[in-house]
Amino acid sequence: MTISVLICDDSNFARKQMARSIPDGWDVEISFAEHGEQALSMIRAGKADLMFLDLNMPIMDGYETLQVIKDEDLPTMVIVVSGDVQPKAYARILALGALDFISKPVDTTKLIEILTQFGLYSGDASTVKREQDTGPLSQNSNAEKLDAYREMANVAMGRAGDSLATLLGEFIDLPIPNVNLITSNELHMALADIQRNESVSAVSQGFISAGINGEALVIFNDSNFKGMVELIKYEVDDNSEALELEALMDVSNILIGACLRALSEQLHSVFSHNHPIILGRHCDLEDILKNTIHRKEDMLAIEIAYSIKSQNINFDLLLLFPKESIDLVFDKLVSSHS
């Protein structure tokens, strides 16, 4: 009996990767949706006996989609496939009725285990024919490259968020990464989520691998320092400046370290990195950006705007790849998932 499978993800790169992970021997008819509203329409039309669902999407995200499925008792089973690997995210999706969770990028072994557990499939794990039928993960158009970079950032973002959540004991709200190919004088325009009227502090760390180099920045609105210091539970003393600097360095080390490890895994490259450098304290954003390593080059800019909504804390992780590294990042990303 053919099972209708719906893959719901805002990234075409991720949808193809998920489709290529489905074993050849599983008798399925695969459909695709780009966000939760589209998925719900297809479920109601009987096109989703089983849905693989992303969490971070525009229009309607995965949590909202699961809530509607639960409230309306819609006829579908859901396996969440996401870069958000926080334990609280896992607990939340199970409470909303999902069968299980698979972290991105998809591990076929884990997928087979879950399908077997729920009696959906227990055959051979080969995906050779599925990969051929699906075709290449991405083409060379700028739009498809940006989509691939965004999905790469999505995975790295989730790993970094999980590391920070472990330190702070708080749920970290993850955005859809803001990804742009920009000229050198457009960097400030790429930072869509940083408030321009607040002073900021920032740390920079360069990284390099064979043929690829880049820079990672963590940027804090200064108004968030008090809440972050309280969350980390430092031993409070009279030197608030020293505590703020310690918080800035600790959060930066965790975010950048976890993010680079996730990038290394996806690109099959080992990054070495420089010691972190303080780009500025209590200054405006333009002053920070003037000090970045790649300020005078065209670049790929990836902004990840983290937030801890329960504490009203927001901060940004910015990844910059210079022009000569961009195509190699894309080639490695596609080949590593092929």
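The values are calculated or read from the model by the stated rules, or taken from the named source; none is laboratory data. This one's a predicted model, so the numbers in the text were calculated from it and none came from an experiment. All Cβ positions, glycine included, derive from the backbone under ideal geometry; neighbour counts span all protein chains shown.
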Checklist entry - Looking at region 255-275, is at least one residue modelled with pLDDT of 90 or more and closer than 15 Å to ASP222 by Cβ? => result no
Checklist entry - If we keep just the residues of region 97-106 that are small (Gly, Ala, Ser) and surrounded by fewer than 19 Cβ atoms within 10 Å (Cβ to Cβ), which is nearest to GLU151 (Cα to Cα)? => result SER103
Checklist outcome for this item: Within region 282-330, the count of residues that are of a type in the set (S, T, N, Q) and surrounded by fewer than 16 Cβ atoms within 10 Å (Cβ to Cβ) comes to 4
Next on the checklist: Return the residues of region 100-145 that are of a type in the set (A, V, I, L, M, F, W, C) and either in contact with a Leu (Cβ under 8 Å, 6 or more places away or on another chain) or under 22 Å from LEU174 (Cα atoms) (or both); say none if nothing qualifies.
Outcome noted: PHE101, ILE102, VAL106, ILE114, PHE118, LEU120
Checklist entry - Of all residues in region 40-61, which are hydrophobic (A, V, I, L, M, F, W, C) and either on the phi > 0 side of the Ramachandran plot or touching a Lys or Arg at 6+ places or on another chain (Cβ under 7 Å) (or both)? => result ILE59
Item to check | Members of region 178-236 that are out of contact with any Asp or Glu (no Cβ under 6 Å at 6 or more places or on another chain), polar (S, T, N, Q) and at pLDDT below 80 | outcome: ASN185, GLN195, ASN197
Checklist outcome for this item: Checked region 60-96 for anything more than 17 Å from the chain's Cα centre (by Cα) and surrounded by fewer than 16 Cβ atoms within 10 Å (Cβ to Cβ); matches are GLN67, LYS70, ASP71, GLU72, ASP73, PRO75, ALA91, LEU94, ALA95
Next on the checklist: With the requirement that a residue be under 30 Å from ASN178 (Cβ atoms) and either crowded, with 18+ Cβ neighbours inside 10 Å or among the basic types (Lys, Arg) (or both), what does region 107-145 give you?
Outcome noted: LYS110, LEU111, THR134, LEU137, SER138, LYS145
